[in-house]
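The values are calculated or read from the model by the stated rules, or taken from the named source; none is laboratory data. Bear in mind the structure is a predicted one, so any value in this text is a computation, not a measurement. With ideal geometry, Cβ positions are generated from the backbone for all residues, glycine too; neighbour counts draw on all protein chains shown.
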Amino acid sequence: MKKTALTSVHIDSGAKMVEFAGYYMPLQYEGLSIEHETVRKAVGVFDVSHMGEFLIEGPHALELIQKVTSNDASKLTVGKAQYSCLPNDKGGIVDDLIVYRVKEETYLLVVNASNMEKDWNWIKSNNTMGAEMKDLSMDYSLLAIQGPKAVEAMQSLTSVNLADIKFYNFEVGPFAGIDHVIISATGYTGSGGFEIYCKNSEAKQIWAKVLEAGADFGIKPIGLAARDTLRLEMGYCLYGNDIDDTTSPLEAGLGWITKFSKDFINSEALAKQKEEGITKKLVGFEVLEKGIPRQGYELKDANDNVIGNVTSGTMAPSLDKGIGMGYVAKEFAKADTEIFVQIRKKQVKAKVIKFPFYKG
């Protein structure tokens, strides 16, 4: 199992460690509900250094990114980031990712840990224009400082005005005594905050200073368990659950990052799918009775017909109710539609609702 630069720190902090995407990662420290609530109401820090980072550079960098991603990266100026996906040639998704424009001809792609090798090989196989590619995944660490108090708690660590960094924008500047750190107003929780990219050798110093600076604001280290419940309350997709090689970005509700103003891999087929209409759609639902939906559970109509499956499900700590996501036949995708979740031997009533579940 791979380790991050902070693995020993997590173990020393008493974290419950698990294998995740080939890495030894902290699942939780004090407990899921405490950590979840800390991010929603104050500020928490996650080690997400298992994520992959690819640098695409040179005069052909944008051309390659435009070919392999669904969003329009030509709209990015230096200092801006963009959520996107890598469509495959069969109508599905290789991965979802964030594209950062670091310099005029330098882009940083941040990909999911479980897909690093697959993504690298896919992008490389499509690099017919000769863009320069570097895999920085093993050299860099990534910390997510998330929560409504993140700006206030972290401002003492940098001369960059954190409040001025808009959502999906970033600055390169000093942070926690380290120069040239990427401070990005991105995250996976829906509660605001930043992601900090630094070299592995700098991670321990930054982690310690973040906890020190945030002490008066109630900061806590947060594990992967709360990361999952936080993202699910927002209706954010998790690769391998809600999107994969077989799910179309249009079916997954990712039409907003699928721009047909340019050509990209499989864009013609996806444009045809948009024109003809999708037959299934990823929806959010809340359980109206007692029960917790889990991945793989069947979704049914009132006549006991299977209409889909749960892709992600949990008891939402902020809402105190069971929520889930899943693909259903299009006729059941409208908000307030009554559906049923097969939980063991019982059909539990639920209703389709619009994302996000958590309105903050």
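Just to be sure I understand, how many residues within the range 233-287 are surrounded by fewer than 22 Cβ atoms within 10 Å (Cβ to Cβ), part of a helix (DSSP H, G or I) and out of contact with any Asp or Glu (no Cβ under 9 Å at 6 or more places or on another chain)?
The qualifying residues number 11.
Checking the structure you have, find out if any residue of the range 116-133 is part of a strand (DSSP E or B) and under 19 Å from His60 (Cα atoms). Explain how you work it out, then say what you get.
Of all residues in the range 116-133, those part of a strand (DSSP E or B) come to 132-133.
Next cut, under 19 Å from His60 (Cα atoms) only: 132-133.
Within the range 116-133, one or more residues are part of a strand (DSSP E or B) and under 19 Å from His60 (Cα atoms).
Kindly indicate which of Ala225, Ala185, Ala215, Ala163 is within 19 Å of Ala42 (Cα to Cα), touching a strand residue (DSSP E or B) at 6+ places or on another chain (Cβ under 7 Å), without any contact (Cβ under 8 Å) to a residue 24 or more places away in the chain and of a type in the set (A, V, I, L, M, F, W, C).
Values: Ala225 fails: without any contact (Cβ under 8 Å) to a residue 24 or more places away in the chain; Ala215 fails: touching a strand residue (DSSP E or B) at 6+ places or on another chain (Cβ under 7 Å); Ala163 fails: touching a strand residue (DSSP E or B) at 6+ places or on another chain (Cβ under 7 Å).
Ala185 is the lone residue from the list that is within 19 Å of Ala42 (Cα to Cα), touching a strand residue (DSSP E or B) at 6+ places or on another chain (Cβ under 7 Å), without any contact (Cβ under 8 Å) to a residue 24 or more places away in the chain and of a type in the set (A, V, I, L, M, F, W, C).
Residue by residue, here is whether (1) buried (at least 21 other Cβ atoms within 10 Å of the Cβ); (2) over 17 Å from His50 (Cβ atoms) holds:
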residue	(1), (2)
Pro148	no, yes
Glu152	no, yes
Tyr168	no, yes
Ala176	yes, yes
Glu195	yes, no
Lys199	no, no
Leu211	no, yes
Phe217	no, yes
Arg231	no, no
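Gln295 passes all but one of (1) buried (at least 19 other Cβ atoms within 10 Å of the Cβ); (2) polar (S, T, N, Q); (3) touching a Ser or Thr at 6+ places or on another chain (Cβ under 8 Å); which number fails?
(1)
Being closer than 25 Å to Arg227 by Cβ, touching a residue at least 40 places away in the same chain (Cβ under 8 Å) and not aromatic (Phe, Trp, Tyr) narrows it down to one residue among Asp89, Asp96; which is it? Spell out the reasoning first.
Numbers: Asp89 fails: closer than 25 Å to Arg227 by Cβ.
Step by step, each of Asp89, Asp96 is checked, and only Asp96 is closer than 25 Å to Arg227 by Cβ, touching a residue at least 40 places away in the same chain (Cβ under 8 Å) and not aromatic (Phe, Trp, Tyr).
Mind checking whether some residue in the range 140-158 is more than 24 Å from Ala226 (Cα to Cα), in a loop (DSSP other than H, G, I, E, B) and in contact with an Asp or Glu (Cβ under 9 Å, 6 or more places away or on another chain)?
Step one: list which residues in the range 140-158 are more than 24 Å from Ala226 (Cα to Cα), which gives 155-158.
So of that shortlist, the ones also in a loop (DSSP other than H, G, I, E, B) come out as 158.
With the extra rule that they be in contact with an Asp or Glu (Cβ under 9 Å, 6 or more places away or on another chain), the set shrinks to 158.
Yes: the range 140-158 contains one or more residues that are more than 24 Å from Ala226 (Cα to Cα), in a loop (DSSP other than H, G, I, E, B) and in contact with an Asp or Glu (Cβ under 9 Å, 6 or more places away or on another chain).
Within the range 100-115, track down each residue that is among the hydrophobic types (A, V, I, L, M, F, W, C) and outside any strand (DSSP E or B).
Step one: list which residues in the range 100-115 are among the hydrophobic types (A, V, I, L, M, F, W, C), which gives 102, 108-111, 113.
Of everything in the range 100-115, just one residue is among the hydrophobic types (A, V, I, L, M, F, W, C) and outside any strand (DSSP E or B), namely Ala113.
In the range 300-336, how many are of a type in the set (S, T, N, Q), assigned to a loop (DSSP other than H, G, I, E, B) and touching a residue at least 12 places away in the same chain (Cβ under 8 Å)? Show your work before the answer.
Keep residues of the range 300-336 that are of a type in the set (S, T, N, Q), which gives 303, 305, 309, 311-312, 314, 318.
Next cut, assigned to a loop (DSSP other than H, G, I, E, B) only: 303, 305, 318.
With touching a residue at least 12 places away in the same chain (Cβ under 8 Å) added as a condition, the list becomes 318.
Going through the range 300-336 one residue at a time, the tally reaches 1.
Please find, within the range 166-182, the residue that is nearest to Phe355 (Cα to Cα) out of those that are touching a Ser or Thr at 6+ places or on another chain (Cβ under 7 Å) and in contact (Cβ under 8 Å) with a residue 40 or more places away in the chain. Lay out the reasoning, then the answer.
At the first step, the residues of the range 166-182 found to be touching a Ser or Thr at 6+ places or on another chain (Cβ under 7 Å) are 168, 170, 173-175.
Retained after the next criterion (residues that are in contact (Cβ under 8 Å) with a residue 40 or more places away in the chain): 168, 170.
Numbers: Tyr168: 19, Phe170: 26 Å.
Across the range 166-182, the extreme among qualifying residues is Tyr168.
Among (1) in a strand (DSSP E or B); (2) farther than 19 Å from Thr246 by Cβ, there is one condition Pro356 misses while meeting the rest; what is its number?
(1)
Can you find a residue that is more than 21 Å from Gly147 (Cα to Cα), in contact with a strand residue (DSSP E or B) (Cβ under 9 Å, 6 or more places away or on another chain) and hydrophobic (A, V, I, L, M, F, W, C) anywhere in the range 66-75?
So in the range 66-75, the residues more than 21 Å from Gly147 (Cα to Cα) come out as 66-75.
If we keep only those that are in contact with a strand residue (DSSP E or B) (Cβ under 9 Å, 6 or more places away or on another chain) too, we end up with 68-73, 75.
Narrowing further to those that are hydrophobic (A, V, I, L, M, F, W, C): 68, 73.
Yes, the range 66-75 has at least one match.
Just to be sure I understand, how many residues within the range 102-111 are buried (at least 19 other Cβ atoms within 10 Å of the Cβ) and either farther than 18 Å from Ile196 by Cβ or in the same structural domain as Gly253 (by TED's automatic domain parsing) (or both)?
Residues in the range 102-111 being buried (at least 19 other Cβ atoms within 10 Å of the Cβ) and either farther than 18 Å from Ile196 by Cβ or in the same structural domain as Gly253 (by TED's automatic domain parsing) (or both): 1 in total.
Of everything in the range 30-47, what is surrounded by fewer than 21 Cβ atoms within 10 Å (Cβ to Cβ) and under 23 Å from Glu19 (Cα atoms)? Give them in sequence order.
Glu30, Gly31, Leu32, Ser33, Ile34
Residue by residue, here is whether (1) among the polar types (S, T, N, Q); (2) over 19 Å from the mean Cα position of the chain (by Cα); (3) modelled with pLDDT of 95 or more holds:
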position	(1), (2), (3)
Gly296	no, yes, yes
Leu299	no, yes, yes
Asn305	yes, yes, yes
Phe332	no, yes, yes
Phe340	no, yes, yes
Gln347	yes, yes, yes
Val352	no, yes, yes
Gly360	no, no, no
